[in-house]
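Each value in this text was obtained by applying a stated rule to the coordinates, not by laboratory testing. Please read these numbers as outputs of a predicted model, since none were measured by experiment. Counting neighbours? That spans all protein chains shown, and the Cβs are built from the backbone with ideal geometry, glycine included.
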Amino acid sequence: MDVAPAAAHGLFSSIPDEFFGIFAMSGTATSFVGPLAVGILTAAFHSQRASVAVGCVFLLGGLLVMRGVRESVSGREPHGVP
């Protein structure tokens, strides 16, 4: 069970429905990309320490992407809410 879509529902409630599909696809893609990157780096460097560093890189990348997200604080009702 993936908790991320439920946790981000409040943020996505103010944007059109088309973005829910993109959000779901990105979650599916990361479930493959993360373990693949760890496996490739473990094989390349023969060390799990190097492969754990990719987790830090992904976390920092996610932080940079999330810094660009602006949440409305105007007090208006979210899109689609009566």
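Provide the three semi-axes, in whole Å and in decreasing order, of the ellipsoid equivalent to segment 18-61 as defined by the square roots of 5 times the Cα gyration tensor eigenvalues.
Values: eigenvalues 133, 23, 5 Å².
They are 26, 11, 5 Å, listed largest first.
Taking a spot 7 Å from the Cα of A37 along the direction of its beta carbon, which residues of segment 48-72 have an amide N less than 18 Å from it?
48-68
Apply the Karplus parameterisation 6.51 cos²θ - 1.76 cosθ + 1.60, with θ equal to phi minus 60°, to every residue of segment 23-33 and state each ³J(HN,Hα) to the nearest whole Hz, in sequence, with x for glycine and proline.
Using θ = phi - 60°, the values come out as 5, 5, 5, 5, x, 5, 5, 5, 5, 9, 5 Hz.
With θ taken as phi - 60° and the coefficients 6.51, -1.76 and 1.60, list the Karplus ³J(HN,Hα) couplings across segment 61-67 in order, rounded to whole Hz; mark glycine and proline as x.
x, x, 4, 5, 5, 5, 5
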